[in-house]
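The values are calculated or read from the model by the stated rules, or taken from the named source; none is laboratory data. Source: prediction; values computed, not measured. Note: ideal-geometry Cβ built from the backbone for every residue, glycine included; neighbour counts use all protein chains shown.
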Amino acid sequence: MLKAFHTANLYPSTLSVTTSFIAVYLTFGRNLYFSLAYAANDVVLIVLWALASVENSSCISVAVCFTAFFFNDIYGFISWNEMEKRQKYCRREAKRCG
């Protein structure tokens with residue numbers, strides 16, 4: 001479909017759509033790794049916007065924006081992982097006490 005719309009950088013764009021679908025699927029399933037899929041998509045988008053900024057320097061700001069999204073997604077993964085560990089600990093302790 002992207003080819004029909006004459007999308008620039010067809011292969012990275014296809015990869016971006018794929019990683020987006022994977023991220024949404026993992027989010028819907030409440031999978032811990034959803035934020036890593038979004039981070040992977042961010043990397044692809046950073047590359048795409050960096051390529052676009054070669055022709056038009058005003059695209060640099062969008063690449064910077066996706067860089068911030070990338071770090072936010074990594075932080076989200078770490079936070080969700082830590083929360084899962086705390087919840088497992090609390091469940092284990094509740095069984096001992098109850």
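Do we have T14 as in contact (Cβ under 8 Å) with a residue 12 or more places away in the chain, in a helix (DSSP H, G or I) and either crowded, with 17+ Cβ neighbours inside 10 Å or at positive phi (or both) here? Spell out how you get there, then give the answer.
Numbers: in contact (Cβ under 8 Å) with a residue 12 or more places away in the chain: yes; in a helix (DSSP H, G or I): yes; either crowded, with 17+ Cβ neighbours inside 10 Å or at positive phi (or both): no.
No.
Based on what the data block shows, is R30 of a type in the set (K, R), more than 15 Å from the chain's Cα centre (by Cα) and modelled with pLDDT under 95? Quick ask: steps written out before the conclusion?
On the way: of a type in the set (K, R): yes; more than 15 Å from the chain's Cα centre (by Cα): no; modelled with pLDDT under 95: yes.
Against the criterion (of a type in the set (K, R), more than 15 Å from the chain's Cα centre (by Cα) and modelled with pLDDT under 95), R30 does not qualify.
In the stretch 66-81, what residues are of a type in the set (S, T, Y) and under 19 Å from L51 (Cβ atoms)?
T67
Output the number of residues of the stretch 34-65 satisfying the condition of being touching a helix residue (DSSP H, G or I) at 6+ places or on another chain (Cβ under 6 Å), touching a residue at least 24 places away in the same chain (Cβ under 8 Å), of a type outside the set (D, E, K, R) and within 30 Å of Q87 (Cβ to Cβ).
Adding up the residues that qualify gives 5.
When you scan the stretch 44-62, how many residues do you find that are part of a helix (DSSP H, G or I) and surrounded by fewer than 18 Cβ atoms within 10 Å (Cβ to Cβ)? If you could, list the steps in order and put the result at the bottom.
Applying the first criterion (part of a helix (DSSP H, G or I)) to the stretch 44-62 yields 44-55, 57-62.
With surrounded by fewer than 18 Cβ atoms within 10 Å (Cβ to Cβ) added as a condition, the list becomes 47, 50-55, 57-62.
Summing the residues that are part of a helix (DSSP H, G or I) and surrounded by fewer than 18 Cβ atoms within 10 Å (Cβ to Cβ) in the stretch 44-62 gives 13.
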